[in-house]
Amino acid sequence: MPKSEIRQQIERLREEINQHNMQYYVLDDPLVTDQYYDQQMRELQALEAAHPEFASPLSPTSRVGGEVSKQFATVTHEAAMLSLENAFDEAEMLAFNKKLSDLLGIDSPLQFSAEPKLDGLAVSLLYRNGELVRAATRGDGQSGENITPNVRTIKAVALKLIGKQLPELLEVRGEVYLPLAGFNALNESQRQNNAKLFANPRNAAAGSLRQLDSTITASRPLSFCSYGIAQLEGIEMPDTQYAQMQLVKALGLPISPYIQQLESIQACFEYYRQIAAARDSLPFEIDGVVYKLNVLKLQKKAGFVSRAPRWAIAWKFPAQEVMTRLLDVEFQVGRTGALTPVARLEAVEVGGVIVSNATLHNMDEIRRKDIRIGDTVIVRRAGDVIPEVVAAVLKDRQPEFELPQMPALCPVCQSPVVQQEGQAAYRCSAGLICAAQRKEAIKHFSARKAMDIDGLGDKLVEQLVDLGLIDSVAGLYALSLEQLSGLERMASKSAQNLLDALEHSKQTTLQRFIYALGIREVGEATALSLANHFRELAAIQQADQETLMQVGDVGPVVAANIVAFFAQEENQKIIQSLLDAGISWPPIAAPDALDLALKGFTYVITGTLENYSRQQAAELLASKGAKVSSSVSAKTTAVIAGDKPGSKVDKALKLGVTILDERTFEELVK
Ligand code: 9MJ
């Protein structure tokens, strides 16, 4: 191929890849599959490698990092990088609105541009003639650090602007952040490498961005969202905040998909409620909502106070991370006997609720974080996950503070605590003799995905065990109306309901029954595989380790757990008495008779179906040989969508995956 053609091919590929980046990161609407994108990228890499004379710092292949700095150079900001004033309630928002109205001499409602407040790091991006020439941190607001090589590795940051008319100069301000999925993956890999854990996505983003070696930054899935224009030359400045952001988007930089123009401070209240309600389901962390006076002329008129504009405010959510004191560490005994350290804290409000207990996960995690009793600690409660202690505040550490110790005896039954070789967990050695393990085993047995015993809550199970009314799951089916009616907060109506629910639960499936037994590491999926493979409980009970390992997802450890479970005489007795009580399930047909019409197909179920729980729908599909997955990909056969389906349907639409309604689903499994 002649050189000119190669050059053209390289340029064509660069342009195409830039366009796909725009579709993916800015418009959230990819037009091609990841596979196609990767293939274009590899083709470009190969051409560039063979023709180094055409290398360019603007090529999308140049995002892998590689530059290593000794230290960051200082950048003086042409326009100061300001921070935001905070508000915490409607009264403070009203005060902000009134102050602005008074200052501007306007009595009609003020218009605002609003967007969620991302919890990351503010950066400035400078483009000359459409090319990214500099990226800097905020620093003290007057001058920051030049982090251009690092920011160039962030795929959401355009190396080249797109569009017909490019500005001679553009300085965009925005937030670099780490989406939650990336944060969790990063901490998981830190854990595996025995490296320091990041306390939250913000710290992880900061640590990733301030790396002298940009290949490290390149390996972290950082993202970027623009929130303002600081300088613009060569095209006319739009006259509202909102229009500014639309221009930034048109030039190929991501902006918040949630940005809205609001007509009054009352509309700001409504917007806050909407974003607060969506907070836990967003794929990134936000810590509030930012409101900016929409009309630029009015922004100018309002001006600044020392470090923040008068025309903007951040209405912050209740903090998800707070400091408190670690009073003590106690150990909770779980279903399998594993002892989990639980922090007893001086009560404190986190994310809007009072927290006095938080998990410390396990002893390795305590050592890794170096958390000692008496420490001031940072407690975090994000979304609906259990509150956790993420770090100790070392400046308050006293020499007498000590690391918590794993007790030698189980705190519930006083049996010895043992650590099996090669396992992190410490366990109570008593098995079902331990009241804690018995309680947890019964809770698991009655759970929705197991025997689904309606009305048998945790508190009730604890009462039943503490009063000695039952000592294993088998005892459940021997409970009488008199016994139940005598319990705390149990009217005779609810006692009868519980007996009915117990009776109802006896008609089950082999899969549910196996799962309900609570064999270590046998989850729902493994239980289903076992049921389909062996078809009879007795066959599973008699199988040896090797036979069990013939089942798809059963490895040597799980197989050993199953053998050990059925070998215990106590467990055999319990199973027999459950069967004697009348628990039964429909027979599973032999594979050749089995109707596996949907074998090889993969479905995703989303939203609320009218006549089936998602679990039931999944079981029906699985009974026909289909695979049921929780996430949509190009490999998904179809998405079954009920009411309020959410983002999985959006993704399916984007990928061109078929969407089926409940009626069609019924046809399918009939
Ligand atoms: C964040 N963090 O999302 C601003 N921000 O505006 C948004 N921060 C900001 N705007 C001026 N959306 C200074 C900071």
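Could you go through segment 480-494 and let me know if any residue there is touching a helix residue (DSSP H, G or I) at 6+ places or on another chain (Cβ under 9 Å), touching a residue at least 40 places away in the same chain (Cβ under 8 Å) and outside the structural domain of ILE562 (by TED's automatic domain parsing). No - not one qualifying residue is present in segment 480-494. Going through GLU53, GLU78 one at a time, which residue ends up being in contact with a strand residue (DSSP E or B) (Cβ under 8 Å, 6 or more places away or on another chain) and not hydrophobic (A, V, I, L, M, F, W, C)? After ruling out the rest, the residue left standing is GLU78. How many residues does segment 226-281 hold that are open to solvent by 50 Å² or more (accessible area, probe 1.4 Å) and polar (S, T, N, Q)? The qualifying residues number 6.
Residue count for segment 268-303 under the criterion of being under 21 Å from LYS98 (Cβ atoms) and within 11 Å of the ligand (Cβ to nearest atom): the result is 6. A residue that is surrounded by fewer than 20 Cβ atoms within 10 Å (Cβ to Cβ), free of Cβ contacts under 8 Å to residues at least 60 places away in the same chain, assigned to a loop (DSSP other than H, G, I, E, B) and not charged (D, E, K, R) can be found somewhere in segment 180-200.
The residues in segment 51-62 that are free of Cβ contacts under 8 Å to residues at least 12 places away in the same chain and more than 41 Å from the chain's Cα centre (by Cα) can be counted, and the count is 2. State which residue is surrounded by the most Cβ atoms within 10 Å (Cβ to Cβ) when the search covers only segment 107-122 and only residues that are away from the ligand (no atom under 11 Å from the Cβ) and touching a residue at least 40 places away in the same chain (Cβ under 8 Å). If we take residues in segment 107-122 being away from the ligand (no atom under 11 Å from the Cβ) and touching a residue at least 40 places away in the same chain (Cβ under 8 Å), then PHE112 is surrounded by the most Cβ atoms within 10 Å (Cβ to Cβ). Among the candidates ALA314, ALA358, ALA343, the residue that is touching a Lys or Arg at 6+ places or on another chain (Cβ under 6 Å) and either open to solvent by 60 Å² or more (accessible area, probe 1.4 Å) or not in a loop (DSSP other than H, G, I, E, B) (or both) is uniquely ALA314. Determine, yes or no, whether GLU667 is among the acidic types (Asp, Glu) and touching a residue at least 24 places away in the same chain (Cβ under 8 Å). So GLU667 does not fit the description; no. Of all the residues in segment 94-106, those that are more than 16 Å from the ligand (Cβ to nearest atom), aliphatic (A, V, I, L, M) and within 13 Å of SER264 (Cβ to Cβ) number 2.
Note on segment 378-392: residues that are part of a loop (DSSP other than H, G, I, E, B) and either surrounded by 12 or more Cβ atoms within 10 Å (Cβ to Cβ) or touching a Lys or Arg at 6+ places or on another chain (Cβ under 6 Å) (or both) amount to 4. Among the candidates LYS654, LYS644, LYS648, the residue that is basic (Lys, Arg), surrounded by fewer than 17 Cβ atoms within 10 Å (Cβ to Cβ) and closer than 22 Å to TYR24 by Cβ is uniquely LYS654.
Filtering SER69, SER83 for residues that are outside the structural domain of ALA267 (by TED's automatic domain parsing), touching a strand residue (DSSP E or B) at 6+ places or on another chain (Cβ under 9 Å) and hydroxyl-bearing (Ser, Thr, Tyr) leaves a single hit, SER69. Residues in segment 74-86 that are more than 14 Å from the ligand (Cβ to nearest atom), surrounded by 15 or more Cβ atoms within 10 Å (Cβ to Cβ) and either in a loop (DSSP other than H, G, I, E, B) or not β-branched (Val, Ile, Thr) (or both): 0 in all. Checking ALA564, ALA539, ALA560 one by one, the residue that is more than 38 Å from the chain's Cα centre (by Cα), open to solvent by less than 80 Å² (accessible area, probe 1.4 Å) and of a type in the set (Gly, Ala, Ser) is ALA539 and no other.
A quick yes/no check of all residues on (1) closer than 30 Å to LYS648 by Cβ; (2) free of Cβ contacts under 8 Å to residues at least 40 places away in the same chain; (3) in the same structural domain as HIS361 (by TED's automatic domain parsing):
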residue	(1), (2), (3)
GLN244	no, no, no
PRO254	yes, no, no
TYR258	yes, no, no
ILE265	no, no, no
GLY303	no, yes, no
PHE331	no, no, yes
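With the structure loaded, tell me whether LEU484 is open to solvent by less than 50 Å² (accessible area, probe 1.4 Å) and over 30 Å from MET323 (Cβ atoms) or whether it fails that test.
yes
Return yes when PRO309 is open to solvent by 40 Å² or more (accessible area, probe 1.4 Å), out of contact with any strand residue (DSSP E or B) (no Cβ under 7 Å at 6 or more places or on another chain) and not small (Gly, Ala, Ser) and no when it is not. Against the criterion (open to solvent by 40 Å² or more (accessible area, probe 1.4 Å), out of contact with any strand residue (DSSP E or B) (no Cβ under 7 Å at 6 or more places or on another chain) and not small (Gly, Ala, Ser)), PRO309 does not qualify. Within segment 490-515, the only residue that satisfies the criterion of being among the aliphatic types (A, V, I, L, M), out of contact with any Asp or Glu (no Cβ under 9 Å at 6 or more places or on another chain) and under 21 Å from SER623 (Cβ atoms) is ILE514. The strands (runs of 3 or more DSSP E) located wholly in segment 570-670 that include 3 or more residues which are modelled with pLDDT of 85 or more and not hydroxyl-bearing (Ser, Thr, Tyr) occupy 638-641. Is there a residue in segment 61-69 that is at pLDDT 90 or above and either open to solvent by 60 Å² or more (accessible area, probe 1.4 Å) or closer than 30 Å to ALA652 by Cβ (or both)? No, there is no match, as no residue in segment 61-69 is at pLDDT 90 or above and either open to solvent by 60 Å² or more (accessible area, probe 1.4 Å) or closer than 30 Å to ALA652 by Cβ (or both). Does GLY475 count as closer than 16 Å to ILE453 by Cα and outside any helix (DSSP H, G or I)? Taking the combined requirement at face value, the residue does not satisfy it. With the requirement that a residue be within 16 Å of the ligand (Cβ to nearest atom) and in a strand (DSSP E or B), what does segment 123-174 give you? VAL123, SER124, LEU125, ALA136, THR137, GLY144, GLU171, VAL172, ARG173, GLY174 - these are the residues of segment 123-174 that are within 16 Å of the ligand (Cβ to nearest atom) and in a strand (DSSP E or B). Annotation note: Cβ proximity below 6 Å between a residue of segment 440-453 that is under 14 Å from GLY475 (Cβ atoms) and a residue that is open to solvent by less than 30 Å² (accessible area, probe 1.4 Å) and among the aromatic types (Phe, Trp, Tyr) (sequence gap 6+ or interchain) occurs for MET451/PHE445. Every test in (1) in a helix (DSSP H, G or I); (2) within 29 Å of ALA618 (Cβ to Cβ); (3) open to solvent by 60 Å² or more (accessible area, probe 1.4 Å) is passed by ASP452 save one, and that test is (1).
Hey, among GLN332, GLN320, which residue is over 30 Å from GLU263 (Cβ atoms) and within 16 Å of the ligand (Cβ to nearest atom)?
After applying the criteria, what remains is GLN320.
The values are calculated or read from the model by the stated rules, or taken from the named source; none is laboratory data. Quick caveat, the model's predicted, so the values are computed rather than measured. In this analysis, Cβ positions are derived from the backbone assuming ideal geometry, glycine residues included, and neighbour counts consider all displayed protein chains. What goes into the accessible areas is simple: the full protein's heavy atoms, side chains included, and nothing from ligands, DNA or RNA. Shrake-Rupley method; radii C 1.70, N 1.55, O 1.52, S 1.80 Å.
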